[in-house]
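*Asks:* Shown below is the structure under consideration.
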Amino acid sequence: MPELPDVEAYRRFFAQHAAGRTVRRTLVTDEGILRNASARALDDALRGHRFEEPGRHGKWLIASTTGPVVLFHFGMTGDLGWGENDEARHRHDRVIFELDRGELRYRNMRKLGGLWLAHDQDEVRAVTGRLGPDALGIDRRAFRRLLRGRRSGVKALLMNQSVLAGVGNLVADETLWRARLHPAARVEALSEDEVARVHRAMRDVLRISVERYDRVPSPRGWLNHVRGRPDAACPRCGTPLDRATVAGRTTYFCPRCQPYTGS
Ligand SMILES: [Zn+2]
């Protein structure tokens, strides 16, 4: 499932291929992927407009043009492709933006996520809902402020997009494993040092993922290297990992490095 690092990679891909390009025509092969506009309305709205430098907020790719804004969400199986012409299109390319050079394709096999059209910033906010600050850029002071007064489990809070935008299941587990905190630890009980550890771990996981891999990687020494294996053991201490549902998601953690200390 695309997480912040994947969407950041899509943003760069979009910038490389589509920014500065004018939309000649928009083809929709599956109208079900458009969430708030018809194929006709999308084409009418975009035709002749130029894509500007794209933005990203959490897991949203925000593609402004000289006219309206297109919002991309990648669900479980979304992806972007590009071609010089209409050759090598894929059967799961749901929307094709024919540009003044080449074409950008939005592919999505399972059709979670989708595309939205917005005409101004109010409409953008109406589509995305309330989003907290982006997780990639937040500094320690702002992170501390964000957690102040919250009553929640720490994993649930990290993944709450209205508090902090962009953290998904893999980033949350990797972060808390590095910070040696139980995923269900209570935010209101965290010490200053623990908050700083969570922030540092999240920043490191996101930066390494974005700068070196374009996704959440699974190199040796990461929790993500072993998660999902039946005999998964902590890469740090060798203790068999525990698996539980936390914040509604399958969660891996080390019972020795991340003991539950709350009430
Ligand atoms: Zn351990």
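*Asks:* Inspect the range 240-247 for any residue being within 12 Å of the ligand (Cβ to nearest atom) and of a type in the set (Asp, Glu) and give the result as yes or no.
*Replies:* Within the range 240-247, one or more residues are within 12 Å of the ligand (Cβ to nearest atom) and of a type in the set (Asp, Glu).
*Asks:* Identify, by number, the condition in (1) out of contact with any strand residue (DSSP E or B) (no Cβ under 8 Å at 6 or more places or on another chain); (2) closer than 20 Å to Arg145 by Cα that Arg215 doesn't meet.
*Replies:* The number of the failed condition is (2).
*Asks:* Report yes if Thr251 is within 16 Å of the ligand (Cβ to nearest atom), hydroxyl-bearing (Ser, Thr, Tyr) and either open to solvent by less than 50 Å² (accessible area, probe 1.4 Å) or not in a loop (DSSP other than H, G, I, E, B) (or both), otherwise no.
*Replies:* Yes; evaluated as a whole, the condition is true for this residue.
*Asks:* Within the range 46-66, how many residues are surrounded by 17 or more Cβ atoms within 10 Å (Cβ to Cβ) and among the small types (Gly, Ala, Ser)?
*Replies:* 3
*Asks:* For the range 24-45, give me each residue that is assigned to a helix (DSSP H, G or I), within 19 Å of Arg105 (Cβ to Cβ) and open to solvent by less than 80 Å² (accessible area, probe 1.4 Å).
*Replies:* Within the range 24-45, Gly32, Ile33, Ala39, Leu42, Asp43, Ala45 qualify.
*Asks:* Now, a different point. Inspect all residues belonging to the range 166-184 and state whether any of them is over 25 Å from Arg140 (Cβ atoms), in contact (Cβ under 8 Å) with a residue 24 or more places away in the chain and open to solvent by 20 Å² or more (accessible area, probe 1.4 Å).
*Replies:* no
*Asks:* Continuing with this model, one more query. So which residues in the range 74-93 are out of contact with any Leu (no Cβ under 6 Å at 6 or more places or on another chain), closer than 20 Å to Leu34 by Cβ and small (Gly, Ala, Ser)?
*Replies:* Matches in the range 74-93: Gly78, Gly81.
*Asks:* So, of the residues in the range 207-225 that are touching a residue at least 24 places away in the same chain (Cβ under 8 Å) and not aromatic (Phe, Trp, Tyr), which turns out to be nearest to the ligand (Cβ to nearest atom)?
*Replies:* Just the residues of the range 207-225 that are touching a residue at least 24 places away in the same chain (Cβ under 8 Å), to begin with: 207, 209-210, 213-216, 222-224.
Checking which are not aromatic (Phe, Trp, Tyr) leaves us with 207, 209-210, 214-216, 223-224.
Details: Arg207: 23, Ser209: 21, Val210: 26, Asp214: 28, Arg215: 24, Val216: 19, Leu223: 9, Asn224: 14 Å.
In this case the residue turns out to be Leu223.
*Asks:* Collect the residues in the range 230-239 that are free of Cβ contacts under 8 Å to residues at least 12 places away in the same chain, open to solvent by 80 Å² or more (accessible area, probe 1.4 Å) and within 15 Å of the ligand (Cβ to nearest atom), keeping them in residue-number order.
*Replies:* Across the range 230-239, the qualifying residue is only Asp231.
*Asks:* Still on this structure, please answer the following. Only one of (1) out of contact with any helix residue (DSSP H, G or I) (no Cβ under 7 Å at 6 or more places or on another chain); (2) in a loop (DSSP other than H, G, I, E, B); (3) open to solvent by less than 30 Å² (accessible area, probe 1.4 Å) is not met by Ala142, so which one is it?
*Replies:* Only one criterion in (1) out of contact with any helix residue (DSSP H, G or I) (no Cβ under 7 Å at 6 or more places or on another chain); (2) in a loop (DSSP other than H, G, I, E, B); (3) open to solvent by less than 30 Å² (accessible area, probe 1.4 Å) is unmet by Ala142, namely (2).
*Asks:* Okay, moving on. Arg47: among the charged types (D, E, K, R), touching a Phe, Trp or Tyr at 6+ places or on another chain (Cβ under 9 Å) and at pLDDT 95 or above, yes or no?
*Replies:* no
The values are calculated or read from the model by the stated rules, or taken from the named source; none is laboratory data. Note that the structure is a prediction, hence the values are computed from the model and not measured. Because the Cβ atoms are built from the backbone with ideal geometry, glycine has one as well, and the counts that use them run over all protein chains shown. All accessible areas refer to the heavy atoms of the entire protein, side chains included, with ligands and DNA or RNA removed. Shrake-Rupley method; radii C 1.70, N 1.55, O 1.52, S 1.80 Å.
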